[in-house]
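S.K.: This is the structure, below, for whatever I ask next.
Each value in this text was obtained by applying a stated rule to the coordinates, not by laboratory testing. This is a predicted model, so every value here is computed, not measured. Neighbour counts are summed over all protein chains in view; Cβ atoms, including those assigned to glycine, are modelled from backbone coordinates with ideal geometry.
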Amino acid sequence: MAKDVKKRTCAELAERIEQLHAEIRRHDYLYYVLNQPKITDRQYDKLFAELKALEQANPQFITPDSPTQRVSGQPLEGFATVRHAVPMLSMDNTYNAEELKAFDERVAKGLGSEDYNYVVELKIDGVAISLRFEKGRLVTAATRGDGETGDDVTANVRTIKAIPLVLLSDGKIPDVLEVRGEVYMPTKVFVELNKQCEKTGKPLPANPRNVTAGSLKLLDARITAARNLSFFAYATGEISEPLAEEHYQTLQKFKKLGLPVNPNIKKAKGIDEVINICLSWSDRKQILDYQIDGMVIKVNRSDQRDILGATGRAPRWCISYKFPAEQAQTTVESIDVQVGKSGILTPVANLAPVQLAGTTVKRASLHNFDELNRLGVRCGDTVVIEKAGEIIPQVVEVKKQSRPAGAVPFRIPKQCPSCGGKVKKDEDGVYIRCLNNYCPAKVKEQIKYFAARDQLDIDGLGPAIIDQLVEKKLVVEPADLYKLTRQDLLGLERMGHKSADNLLQAIEKSKTRNLDRVIAGLGIQHVGVQIAEILANRFKHLGQLMQVSEEKLAEIDQIGPVIAKSIHDYFEKWIDRTKELLKYLNPQVEKTKVSSKLVGKTIVVTGTLENLTRQQAEQKIRQAGGKASGSVSKKTDFVLAGENPGSKLDKASKLGVKVINEKQFLKMIGTNIK
């Protein structure tokens with residue numbers, strides 16, 4: 001290749017590089033937009049390799065929109081914010097045909113006519129993004145954020161090959177074109193990522209959407225590039241001149257510009273046709289190589305959308321139809337009992353493999369033995385399972401009429417299945433616990449929890465490594481992690497010199513985590529992230545917390561007698577263990593500015609928010625002087641609701657508690673997403 005480069009003149013080199021640009025873009029268009037690839041992956045890679053070699057030998061010909069320049073070479077220090085020229089509004093939801101018909105009645109009333117039609121689209125379960133093209137070139141990519149402002153994730157979005165860096169010219173491209181769409185992770189990519197996590201002992205990602213959201217917020221675009229995300233365009237934002245008068249025509253224009261559009265979009269003349277399309281996809285969504293959680297119904301004509309307008313949070317001309325929780329039927333092959341970090345024994349059903357919501361399900365939690373008995377699950381039973389929130393498989397029904405002869409009730413363990421030690425049921429509770437403090441199963445779960453991301457965040461200390469450390473008795477309590485040597489780690493399976501050094505560095509780094517994370521990592525019953533933050537703000541040092549009386553703890557707001565007793569009992573029992581841990585840790589106290597905007601207000605967070613995790617939202621509530629509660633009551637001032645809010649929203653409605661969305665919440669506390 002180098003000899004060929006030297007023989008070419010500058011003009012010939014420039015011409016060949018431009019040819020390669022055009023050819024690679026054309027094949028990206030054929031692959032991602034038309035789904036009609038004309039060359040093999042190997043042939044594509046050969047073109048890309050030739051371009052890369054030419055540019056490396058002649059860097060003066062490298063342009064920002066070259067296909068080789070998708071991935072930034074240096075990590076970012078943080079994300080700037082971008083104000084959307086046109087707000088990215090959310091959508092109202094429907095869950096059945098009657099609600100869709102009610103939406104149609106509102107449209108007809110708003111237009112004063114029945115002369116309209118709809119476009120029905122798949123609701124891709126990904127992350128909304130806004131792409132800004134100026135004179136045909138991608139200049140900015142931003143997340144939805146609070147609808148008004150989002151994060152600038154241009155460096156990460158440039159790595160997504162389905163998104164063109166330069167639009168194809170079909171004759172005329174608007175000077176300014178904002179394209180709204182959904183970034184998503186294909187199912188096959190998600191499955192492969194799970195396999196890699198299992199091999200390396202890393203925590204398994206919950207679902208493709210979570211991975212997508214996390215990938216877009218990585219500071220190193222090189223990692224994002226390895227995630228193989230994809231994209232579908234579905235709307236415009238700011239635009240210097242309209243592409244078409246109808247939404248369906250706009251989508252066809254998108255494809256001519258090189259923007260991928262979902263191929264399953266349909267026009268519908270009336271609401272009955274809309275309903276039929278929605279119901280058909282509820283049964284067929286498993287055939288797709290990406291997850292969908294419903295359908296989106298939009299009025300087609302732009303002028304009619306203008307007439308209908310929008311409320312403060314959502315357009316009146318579109319609505320989403322959410323699929324009901326998917327169920328599947330299978331048989332229980334056996335029932336295991338798992339032991340958690342606090343010794344709780346949890347029954348788990350091992351199932352005949354069955355496809356559910358796009359994945360193969362082999363296990364489902366039975367929660368506790370009271371629930372197991374309530375359902376009446378026995379080995380050999382035919383059961384109905386569903387995924388709670390499309391994520392966690394659970395048994396919801398037993399088909400007792402199909403029960404095989406000889407099936408007997410599951411016997412509640414009288415001793416721990418891991419260590420053989422004594423077990424005891426909680427007083428006035430449903431859980432049965434192992435009483436052996438050094439039960440290997442308990443120790444493994446305690447260490448996993450201690451090292452997890454929300455606690456000490458020890459990167460590289462996965463389940464497979466922890467299992468070996470406990471089984472070899474190198475670790476029996478958290479402090480033992482800080483006594484590990486390089487030689488100890490090299491004695492583990494699949495642990496090389498570099499991996500050992502990286503893990504030791506991660507353990508060293510964990511010594512200065514914030515105090516609230518250390519408190520949470522102790523695994524005290526009833527003390528999660530929220531309570532740990534309250535305790536850290538109050539005591540500033542773990543030694544002070546260890547010495548405080550149960551009565552003083554109970555006087556602290558949001559602690560109360562039950563949590564106070566749990567904290568006091570923990571330190572009374574594990575005082576020596578905690579002192580040993582403090583020989584190695586130097587917990588930092590995070591200085592948090594607390595405002596008074598929510599003083600006296602109790603807020604319950606429910607559902608999945610667009611930008612904040614539940615822990616982040618609750619932290620912002622506390623920083624604003626409010627109280628973040630876990631349950632809805634008459635004393636609740638607001639319920640902050642996201643997607644799939646569940647029963648808390650129903651209870652709020654019954655009690656007349658005001659419900660707010662994420663945008664309203666952020667405005668209430670006077671902050672933007674950072």
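S.K.: If you average the sequence gap of Cα pairs under 8 Å that are 6 or more apart and divide by the length of segment 389-458, what percent do you get for the contact order?
M.R.: 16 percent
S.K.: How big is the C-alpha Rg of segment 603-669 next to the rule-of-thumb value 2.2 N^0.38 Å, as a ratio?
M.R.: 0.98
S.K.: Something else: Taking the alpha-carbon distance from K422 and a cut-off under 28 Å, which lysines remain once sequence neighbours fewer than 8 residues away in the same chain are dropped?
M.R.: K341, K414, K442, K444, K448, K472, K473, K565, K573, K579
S.K.: Here's a follow-up. Roughly how many Å is it from the Cα centre of segment 471-503 to that of segment 140-182, as a whole number?
M.R.: What the calculation gives is 45 Å, centre to centre.
S.K.: In whole Å, what is the distance between the alpha-carbon centres of segment 546-585 and segment 286-315?
M.R.: Computed from Cα coordinates, the inter-centre distance equals 52 Å.
S.K.: Treating the angle as unsigned and between 0 and 90°, give the value, to the nearest 10°, between the Cα long axis of helix 497-509 and the longest Cα principal axis of the chain.
M.R.: 70 degrees
S.K.: Give me the mean projected area, in nm² to one decimal, of the convex hull enclosing the Cα positions of segment 346-494.
M.R.: 11.9 nm²
S.K.: Using alpha carbons only, how many degrees (0 to 90, rounded to 10) separate the axis of helix 10-28 from the longest principal axis of the chain?
M.R.: Helix 10-28 and the main axis of the chain meet at about 60 degrees.
S.K.: Loop-only trypsin sites (Lys or Arg not before Pro) in segment 437-507, please: DSSP not H, G, I, E or B, and at most 15 other Cβ atoms within 10 Å.
M.R.: Listed in order of number, the matching sites are R453, K472, K473, R494.
S.K.: If you don't mind, there's one more thing I want to ask. In segment 225-258, what GluC sites (Glu not before Pro) fall in a loop by DSSP, with at most 12 other Cβ atoms inside 10 Å?
M.R.: When the GluC sites (Glu not before Pro) of segment 225-258 are filtered for loop state and at most 12 Cβ neighbours within 10 Å, E245 remain.
S.K.: Among DSSP bridges having both ends in segment 602-669, what percentage is antiparallel? Round to the nearest 5.
M.R.: Around 10 percent of the beta bridges assigned by DSSP in segment 602-669 are antiparallel ones.
S.K.: Could you give me the ³J(HN,Hα) list for segment 404-414, computed from phi with Karplus coefficients 6.51, -1.76, 1.60 and θ = phi - 60°, whole Hz, x at Gly and Pro?
M.R.: x, 5, x, 5, 10, x, 5, 8, 5, x, 9
S.K.: Provide the descending list of Cα extents for the chain along its principal axes, expressed in whole angstroms.
M.R.: 77, 71, 63
S.K.: With contacts defined as alpha carbon pairs under 8 Å and 6 or more residues apart, what's the relative contact order of segment 327-417 in percent?
M.R.: So the answer I get is 27 percent.
S.K.: Using the charge dipole of segment 327-417 (Lys, Arg: +1 at Cβ; Asp, Glu: -1 at Cβ; taken about the Cα centre), state which of V398, V408, T360 has its Cα farthest towards the positive end.
M.R.: V408
S.K.: Using 0.36 nm per residue of separation minus the Cα-Cα distance, give me the extension gain between T40 and E333 in nm, one decimal.
M.R.: Fully extending the segment from T40 to E333 adds 101.1 nm.
S.K.: While we're here: At most 12 other Cβ atoms within 10 Å and a DSSP loop assignment: could you name the chymotrypsin sites (Phe, Trp or Tyr not before Pro) in segment 77-159 that fit?
M.R.: none
S.K.: Also: In degrees from 0 to 90, rounded to the nearest 10, what is the angle of the helix 247-256 Cα long axis to the longest principal axis of the chain?
M.R.: Approximately 80 degrees, to the nearest ten.
S.K.: Size of the dipole of segment 602-669 about the Cα centre, Lys and Arg at +1 and Asp and Glu at -1 on the beta carbon, nothing else charged, in debye to 20?
M.R.: In total the dipole reaches around 300 debye.
S.K.: Would you mind calculating the relative contact order of the chain from Cα pairs under 8 angstrom and at least 6 residues apart, reporting the percent as a whole number?
M.R.: Rounded, it is 10 percent for the chain.
S.K.: Taking the convex hull of the Cα atoms, report for segment 327-417 its projected area averaged over all directions, in nm².
M.R.: Averaging across all directions leaves 6.1 nm² for the Cα convex hull.
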